[in-house]
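The values are calculated or read from the model by the stated rules, or taken from the named source; none is laboratory data. None of the values given here were measured: they were computed from a predicted structure. Methodologically, a virtual Cβ is constructed for each residue, glycine included, from the backbone with ideal geometry; neighbour enumeration extends over all protein chains shown. All accessible areas refer to the heavy atoms of the entire protein, side chains included, with ligands and DNA or RNA removed. Shrake-Rupley method; radii C 1.70, N 1.55, O 1.52, S 1.80 Å.
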Amino acid sequence: TWSLQQTLQPNDLGDNDWFGKTVALEGDLLVIGAPHMTHVGGDGLGVAYVYRRDTSGLFQFEQKLDPGIHRGGLNDVFSWGTIAVEYDLMAVGARFDDNVNGEDAGAVYLFRYDGAAWQNEAKLFAPDGEAFDSFGVAPLISQGDVYVGGLLATGAAPK
């Protein structure tokens, strides 16, 4: 028999933030996207909430992630696409990120857990991308490598 164990709802949610649009679970780590959340920097930038399961089996809030200084522009919808997590590495898509490839070209933000907090490590975008590509809808991490569409990005191995 299934029964509700816990309800997660951040206290800073607004109308139409789309909390729960994307969800990733890796071991005791749970990441939930709110791609339309407005925060410092503008409308629709999006955030991802990170929770960690405690010894009682319940998830506790750990950190709220956003694109930070690497953000592209308004309505980037960070966390709209897939959120991928493997060990201490997380990839969060921003389907409508504006970058050197143009408006809504899309990007993937990489975060690494340093043992205390998730740090914004890199912003990936297609080297041959164009405006309106929506790159970053579905990143994947496998054995420390990040895959987005036809792009493979390698970096430091997981800890």
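Some values worked out for this structure:
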read-out	value
Solution diffusion estimate, µm²/s, Stokes-Einstein, the chain, Kirkwood Rh from C-alpha pairs, 4 °C, viscosity 1.567 mPa s	82 µm²/s
Protection proxy ranking of 82-89, 21-28 - average other beta-carbon atoms within 10 Å, highest first	82-89, 21-28
Over the range 1-40, volume per residue of the alpha carbon convex hull, in Å³	116 Å³
Three-way shape label, the range 111-151, alpha-carbon gyration tensor, a/c 1.5	prolate
Heavy-atom accessible surface of the chain: percent carbon and sulfur, 1.4 Å	51 percent
The chain: relative contact order in percent, alpha carbon pairs under 8 Å with at least 6 residues between	15 percent
Computed FRET value (nearest 0.05) for residue 56 with residue 114, which takes r as the C-beta separation and R₀ as 35 Å	0.85
Burial ranking of peptide ranges 5-12, 119-126, 50-57 (average Cβ count within 10 Å, highest at the top)	119-126, 50-57, 5-12
For the chain, with +1 on Lys and Arg beta carbons and -1 on Asp and Glu, the positive-most of 109, 1, 14 along the dipole	1
